[in-house]
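Since the structure comes first, as structure tokens, the remarks are kept for the end.
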Amino acid sequence: MRLLAWALRLCELSGQGAPGRPVSARVCLGLRISKGPRERCWASIRAVGTRSDLPSHPCVATRIMRPDDANVAGNVHGGTILKMIEEAGAIISTRHCNSQNGERCVAALARVERTDFLSPMCIGEVAHVSAEITYTSKHSVEVQVNVMSENILTGTKKLTNKATLWYVPLSLKNVDKVLEVPPVVYSRQEQEEEGRKRYEAQKLERMETKWRNGDIVQPALNPEPNTVSYSQSSLIHLVGPSDCTLHGFVHGGVTMKLMDEVAGIVAARHCKTNIVTASVDAINFHDKIRKAVAASDPESPLLCHHHLWAHDLHEQ
């Protein structure tokens, strides 16, 4: 209450409050005082305070890159960037799917379209991840994400990544239940038609890979140097609460970060030098990975760790 009173007082002192108009605690705690007329400020407050208006605003996440985000050369790991991309997409799609009254849900990542790493990001630079909803079907949300790097010493900014992700809303009460997605309003009819084409294309590709098998290369004993088997690597990760959504299943971004790490090991082992992620083809998420629980729990899942392996596809 003291914090709420402080926020309300701040509005009043700045001359930007709206006398006689109700202001919720959620609005005040998220308020940034800026110059401008009273009417302009109150319009922005209403936009933040109305749940149905939230999805129309892009979600922007910002953080500085630290040494533990980068490799020995000082370049930020591709997996770190992929994880930030997925987090921004999860936030805006979950927010949108809960923008109307109804059963609460969390948006789960279903697919990532190809993303290219256009420019490296270095330690000390600031990553700006911007996500925006561009299409919704009955049960899925398309989110487009841009990543910009900023040198805070010079103010220079550059585009490092562009990606498209697809999410589905899963009920908090029943993880196997996919809920309907609230529609978005398009500024042009062509936007909806183009989005529908992208939706149909990704749905077809996703179904084609769901039952694909025979792509796994079995490990070989004492492999010859510079062969597929020689560079093969494996990574086992115990899934904990910090890796998971509200459902208790692994975030898609965590999975992508682990995939990038094991792929990086393979590439470095084969090339015998420092490597960076250049691009990522489409990734489909077909099943869930549940977090580890106590061994004494009678409902302990059979799979409580995340096991990934990778190999070099090009024999030399």
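The values are calculated or read from the model by the stated rules, or taken from the named source; none is laboratory data. Fair warning: this is a prediction, and the values are worked out from it, not measured in the lab. Here Cβ is always computed from backbone atoms with ideal geometry, including for glycine, and neighbour counts include all displayed protein chains. Quick note on the areas: whole protein, heavy atoms, side chains included, nothing else; ligands and nucleic acids left out. Shrake-Rupley method; radii C 1.70, N 1.55, O 1.52, S 1.80 Å.
Just a few scattered comments:
- Candidates Val126, Val145: the one that is open to solvent by less than 60 Å² (accessible area, probe 1.4 Å) and either farther than 28 Å from Met65 by Cα or under 16 Å from the mean Cα position of the chain (by Cα) (or both) is Val145.
- Val254 vs. criteria hydrophobic (A, V, I, L, M, F, W, C), open to solvent by less than 20 Å² (accessible area, probe 1.4 Å) and over 24 Å from the mean Cα position of the chain (by Cα): no
- Residue in segment 224-237 that is surrounded by 15 or more Cβ atoms within 10 Å (Cβ to Cβ) and at pLDDT 85 or above present: yes
To keep it simple, each residue is scored yes or no on (1) at pLDDT 75 or above; (2) surrounded by 11 or more Cβ atoms within 10 Å (Cβ to Cβ).
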{"residue": "Pro182", "(1), (2)": "yes, yes"}
{"residue": "Gly195", "(1), (2)": "yes, yes"}
{"residue": "Lys203", "(1), (2)": "yes, yes"}
{"residue": "Val217", "(1), (2)": "no, yes"}
{"residue": "Leu221", "(1), (2)": "no, no"}
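- Looking across segment 129-142 at every residue that is in contact with a strand residue (DSSP E or B) (Cβ under 7 Å, 6 or more places away or on another chain) and open to solvent by 20 Å² or more (accessible area, probe 1.4 Å), the one that is farthest from Glu193 (Cα to Cα) is identified as Ser130.
- The single condition among (1) β-branched (Val, Ile, Thr); (2) open to solvent by less than 90 Å² (accessible area, probe 1.4 Å); (3) not in a helix (DSSP H, G or I) that Thr209 does not meet is (3).
- Selected residue (only one of Ser130, Ser99, Ser93, Ser119 is in contact with a Lys or Arg (Cβ under 7 Å, 6 or more places away or on another chain) and under 30 Å from Leu179 (Cα atoms)): Ser99
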